[in-house]
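I have placed the structure first, in the form of structure tokens, so that the comments after it can refer back to it.
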Amino acid sequence: MSSPTHTLIDRYPTRTTGPAPHLERADPSVWGEVGVPALANFETDGFAILDSLLDREEVAVVAAELDHLTRDPEFLLDERVIIEKESNRVRSVFEVHKLSTVVANLVRENRIAGLARQILGSEVYIHQSRINFLPGLRGTGFYWHSDFETWHAEDGMPAPRAVSLSIALTDNFPFNGSLMLMPGSHRTFVPCQGETPDAHYRNSLREQEIGIPSESDITELAGRHGIAQFTGGAGSALLFDSNIMHGSSNNITPFPRSNLFIVFNSVENTLEAPYAARNPRPTYIGSRDFTPIA
Ligand code: 6CS
Ligand code: FE
């Protein structure tokens, strides 16, 4: 699907009616000058791990803030709160940088937003922010996907010129549903089959069924790239490319896994009309305030 409001032709067609070949990514992965040594392999791997980005005290402050928020029964009715499909537990809270001034001030700091500016080579703004709570015992993971595929199709993001920063708020062990990534898969765009249903996005945030690659796509990519995992103590962080193939398993351990996610987009890559959906998603999921982070 394409629309006259798009300034460019669609270089990343998706939500196709039949199988479509993988596309070599037409855009760079690193657009700027990388100064932080931890980011040295970002171009090749599509991700980087930053040990102790936050110290214990900072993690405690953010965690207390979120705990306070989610304890308020009225807040649980807010549309920005996503509840698990099979339980009444909170799965995600969106727009945390607007709900919490602590988070807003933190992500604005140069040691955080500066990472995105280095990779994206421009000023950046926040496309999406969320906390993912993967509760213990019965927490359900996220199936394999590329974030950019959804942001392009449903939010109208033109190019994969965005990065996500996932900051661990609890320890991320290999066994409590920590994020798995296919290193190098960010260079391949995998079109997904199936038209986007209207207003399906809240279901998708519980269990994604639209915009996921086929089993043979996953097998092929995993065979070529292998699978890495982000693990680390609370306060460590993962910076990853918008198009990298990633997902997480269920968490049957008693150890919850919570992460703060901030998606930075380049101000030179602001949203247009969705590329493969009738209507854009709400702005608490895909922001249309493109004001650069000061
Ligand atoms: O919807 C989003 O923006 C993000 N969430 C999911 C479950 N998949 C795509 C993307 O990562
Ligand atoms: Fe994702």
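The values are calculated or read from the model by the stated rules, or taken from the named source; none is laboratory data. Here the structure is a predicted model, which is why all the values come from computation and not from measurement. So basically every Cβ, Gly included, is an ideal-geometry build from the backbone, and we count neighbours across all protein chains shown.
Below are the figures for this structure:
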quantity	calculated
I244 vs. criteria assigned to a loop (DSSP other than H, G, I, E, B), of a type in the set (V, I, T) and modelled with pLDDT of 95 or more	yes
T14 within 30 Å of A159 (Cα to Cα) and outside any loop (DSSP other than H, G, I, E, B)	no
Failed condition for A199, given (1) under 30 Å from F290 (Cβ atoms); (2) in contact with a Lys or Arg (Cβ under 8 Å, 6 or more places away or on another chain); (3) within 14 Å of ligand 1 (Cβ to nearest atom); (4) hydrophobic (A, V, I, L, M, F, W, C)	(2)
Check on A162, within 16 Å of ligand 1 (Cβ to nearest atom) and more than 25 Å from S236 (Cβ to Cβ)	no
The lone exception for V103 - which of (1) more than 16 Å from ligand 2 (Cβ to nearest atom); (2) under 29 Å from Y275 (Cβ atoms); (3) modelled with pLDDT of 95 or more it fails	(2)
Subset of the stretch 209-227 [surrounded by fewer than 17 Cβ atoms within 10 Å (Cβ to Cβ) and under 17 Å from the mean Cα position of the chain (by Cα)]	E209
Number of positions in the stretch 41-52 that are crowded, with 16+ Cβ neighbours inside 10 Å and either β-branched (V, I, T) or farther than 22 Å from F230 by Cβ (or both)	1
Condition met for D217 (modelled with pLDDT under 95, more than 14 Å from ligand 1 (Cβ to nearest atom) and either more than 20 Å from V62 (Cβ to Cβ) or not in a helix (DSSP H, G or I) (or both))	no
Inter-residue pairs, beta-carbon under 8 Å, first at positive phi and in the stretch 163-183, second aliphatic (A, V, I, L, M), 6+ apart	G177/L134
Matching option when the condition is within 16 Å of ligand 2 (Cβ to nearest atom) and over 16 Å from E207 (Cα atoms), among D155, D78	D155
